[in-house]
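First up is the structure itself, then whatever we jot down about it.
The values are calculated or read from the model by the stated rules, or taken from the named source; none is laboratory data. Just so you know, these numbers come straight off a predicted model, no measurement behind them. Cβ placement follows ideal geometry from the backbone for every residue including glycine, while neighbour counts extend to all protein chains displayed.
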Amino acid sequence: MSSEASSSRSASGSPAPSGSGESSRSRSASPFNPSAPEPSTSNKTFEDLGISKELCQACKSLGFKKPTDIQIESIPPALEGKDIIGLAQTGSGKTAAFTLPILQSLWENPQPFFALVMAPTRELAYQISQQVTSLGSGIGVRAATIVGGMDMMSQSIALSKRPHVIVATPGRLMDHLENTKGFSLKNLKYLVMDEADRLLDMDFGPIIDKILKVIPKERNTYLFSATMTTKVAKLQRASLNKPVRVEVSSKYSTVETLLQHYLLLPLKSKDSHLIYLTNELSSSSMIIFTRTVNDSQRLSIILRRLGFPAIPLHGQMSQSMRLASLNKFKSGGRSILVATDVASRGLDIPLVDLVINYDMPTNSKDYVHRVGRTARAGRSGKSITLVTQYDVEILQRIESHIGKKMVSFDVDKEAVNVLNDTVNKANREAALEMRESGTGGAGGKRGRDNGQGHGKRGLDDDRDRDDDSYQAGIPQKKGKHQGKVNGNGRSNKFSNAGKKQRR
Ligand code: AMP
């Protein structure tokens with residue numbers, strides 16, 4: 001079962017050197033890409049921070065050459081036994097920042113149910129769990145992932161194996177605390193609340209309060225959040241003891257290696273422009289962001305029908321389907337992910353060359369998170385945001401937020417026009433396929449309108465969300481024409497389209 005990560009050895013061994021390092025203080029680092037750690041300007045090593053030999057080795061084998069800013073700031077006080085409030089986002093290296101001190105302490109004093117990490121989404125929980133297992137592989141850490149949407153029974157079995165670290169979404173954890181015989185957290189030593197702002201935005205507050213009541217008061221607590229909201233401050237007061245506050249960036253920004261483009265187009269030819277871009281940039285791995293579930297599903301069908309290896313990712317897919325999509329994409333089996341914002345936060349998707357915003361994100365922070373999927377770790381990357389006549393104001397708002405002007409992306413208009421008929425046909429087929437499989441069928445105009453927020457809202461067109469209320473999953477019935485259409489291949493269809501333009 002993928003929700004349990006375990007290794008054969010149990011955690012035990014000689015005490016590792018305990019670090020003192022510097023006592024911490026707030027600090028503002030340079031702007032960073034929220035999806036990949038910006039290299040620290042400091043020359044400190046993990047050893048300098050007080051990290052044990054075994055864990056330094058684990059960092060090395062994961063390719064962590066030196067600690068990131070958030071790690072430099074938070075590891076020394078954490079190793080001194082202090083509570084930490086960390087203001088940092090996904091991409092800063094915060095997971096290792098809280099995991100390494102926990103693992104070091106576990107190595108010194110091994111026991112089951114040692115640490116609990118609470119995360120707002122299932123994907124984030126899986127990612128944290130993976131990192132705990134990778135960093136702890138040398139010391140035999142057992143981790144269990146307890147999230148909604150997965151089988152309760154197999155999770156109970158994972159818990160009966162007495163893992164050292166539990167990574168959980170709050171709702172499902174509470175379920176187990178109330179219903180799984182023999183499971184308790186009364187000996188817990190470490191509590192981490194990751195992405196606390198999102199945990200609280202998603203109304204997990206009351207469940208977290210309940211969980212806080214059934215774990216020991218005597219413990220270390222780390223609270224990480226991208227923003228310091230009133231709710232987070234209240235949670236901090238309720239759960240942390242004289243915390244050290246560490247902060248690496250309070251400003252949303254984008255990295256210099258990211259080329260940010262916009263493409264001004266009429267709403268009615270959005271799909272043709274998208275297909276033109278995918279065809280032009282087909283050698284890139286890319287994420288296409290849509291605002292609605294319907295468009296994520298519809299566009300991935302259109303792309304597949306036109307011979308592109310596309311796969312959807314959205315909140316109406318079951319958890320296992322979402323993980324399967326992500327894994328296929330990560331392993332390079334599919335090079336185009338068509339995702340809603342569910343995929344833009346908290347996910348660690350490596351090696352994306354290009355981000356296309358099919359729909360304008362209405363929120364500037366979402367824009368930064370979306371484009372943060374490319375230009376990672378010093379590599380270059382490109383983003384193209386489709387801007388219709390209705391979106392110009394949002395574009396200006398985003399530009400002022402990031403403090404940069406985006407550059408217009410030129411297209412060969414004739415080549416785009418040539419695609420219109422083919423794309424319209426694929427759109428009609430996609431609508432039919434979705435209707436047949438019961439996944440909406442609001443393709444065509446209605447789907448696009450809703451994506452823009454102008455049309456009537458149907459259930460499937462609702463803006464995507466990422467919580468347990470969307471567990472239905474979408475049947476993956478294959479369209480009967482799919483083989484035939486794909487069989488034509490995109491090289492035939494597009495060999496003459498849009499080869500003139502290149503930047
Ligand atoms: P996080 O902010 O924890 O989601 O981390 C984002 C990515 O940075 C993950 O892929 C980590 O594996 C990676 N990472 C964490 N720490 C380091 C480091 N010191 N050097 C290089 N990569 C890192």
Q. Considering segment 140-184 alone, what residues qualify as being closer than 23 Å to residue 96 by Cα, part of a loop (DSSP other than H, G, I, E, B), touching a helix residue (DSSP H, G or I) at 6+ places or on another chain (Cβ under 9 Å) and not basic (Lys, Arg)?
A. 141, 147, 164, 169
Q. Is it true that some residue in segment 34-54 is modelled with pLDDT of 90 or more, more than 8 Å from the ligand (Cβ to nearest atom) and not in a loop (DSSP other than H, G, I, E, B)?
A. yes
Q. Is there any pair with a first residue in segment 301-315 that is on the phi > 0 side of the Ramachandran plot and a second that is part of a helix (DSSP H, G or I) and surrounded by fewer than 24 Cβ atoms within 10 Å (Cβ to Cβ) whose Cβ atoms are under 8 Å apart and which are 6 or more apart or on different chains, and what are they?
A. 307/485; 307/486; 307/488; 307/490; 307/491; 307/493
Q. Which one of the conditions (1) modelled with pLDDT of 90 or more; (2) surrounded by 24 or more Cβ atoms within 10 Å (Cβ to Cβ); (3) within 10 Å of the ligand (Cβ to nearest atom) does residue 84 fail to meet, given that it meets all the rest?
A. (3)
Q) If you check residue 134 against the conditions, is it over 16 Å from residue 215 (Cα atoms), within 15 Å of the ligand (Cβ to nearest atom), at pLDDT 95 or above and assigned by TED's automatic domain parsing to the domain that holds residue 223? A) yes
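Residues checked against (1) crowded, with 24+ Cβ neighbours inside 10 Å; (2) at pLDDT below 95:
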| site | (1), (2) |
| --- | --- |
| 227 | no, yes |
| 234 | no, yes |
| 240 | no, no |
| 250 | no, yes |
| 280 | no, yes |
| 286 | yes, yes |
| 302 | yes, no |
| 309 | no, yes |
Q: Please enumerate the residues belonging to segment 403-456 that are touching a strand residue (DSSP E or B) at 6+ places or on another chain (Cβ under 8 Å) and at pLDDT below 80.
A: 447, 450, 451
(Q) I want to confirm something. Restricting to segment 306-331 and keeping residues that are of a type in the set (Ser, Thr, Tyr) and assigned to a helix (DSSP H, G or I), which single residue is nearest to the chain's Cα centre (by Cα)? (A) 325
Q) Is one or more of the residues making up segment 106-119 outside the structural domain of residue 326 (by TED's automatic domain parsing), part of a helix (DSSP H, G or I) and closer than 18 Å to residue 215 by Cα? A) yes
Q | Residue that is farthest from residue 219 (Cα to Cα), among those in segment 93-108 that are more than 9 Å from the ligand (Cβ to nearest atom) and polar (S, T, N, Q) | A | 104
Q. From the residues in segment 60-76 that are out of contact with any strand residue (DSSP E or B) (no Cβ under 7 Å at 6 or more places or on another chain) and in a helix (DSSP H, G or I), which one is nearest to the ligand (Cβ to nearest atom)?
A. 71
Q) Hey, does segment 382-395 have a residue that's in contact with a helix residue (DSSP H, G or I) (Cβ under 9 Å, 6 or more places away or on another chain), within 23 Å of residue 352 (Cα to Cα) and assigned to a loop (DSSP other than H, G, I, E, B)? A) no
Q) Do we find that residue 90 is within 13 Å of the ligand (Cβ to nearest atom), outside any loop (DSSP other than H, G, I, E, B) and closer than 16 Å to residue 246 by Cα in this structure? A) no
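This table checks each residue for (1) assigned by TED's automatic domain parsing to the domain that holds residue 359; (2) among the polar types (S, T, N, Q); (3) free of Cβ contacts under 8 Å to residues at least 60 places away in the same chain; (4) on the phi < 0 side of the Ramachandran plot.
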position	(1), (2), (3), (4)
191	no, no, no, yes
229	no, yes, yes, yes
240	no, no, no, yes
284	yes, yes, no, yes
298	yes, no, no, yes
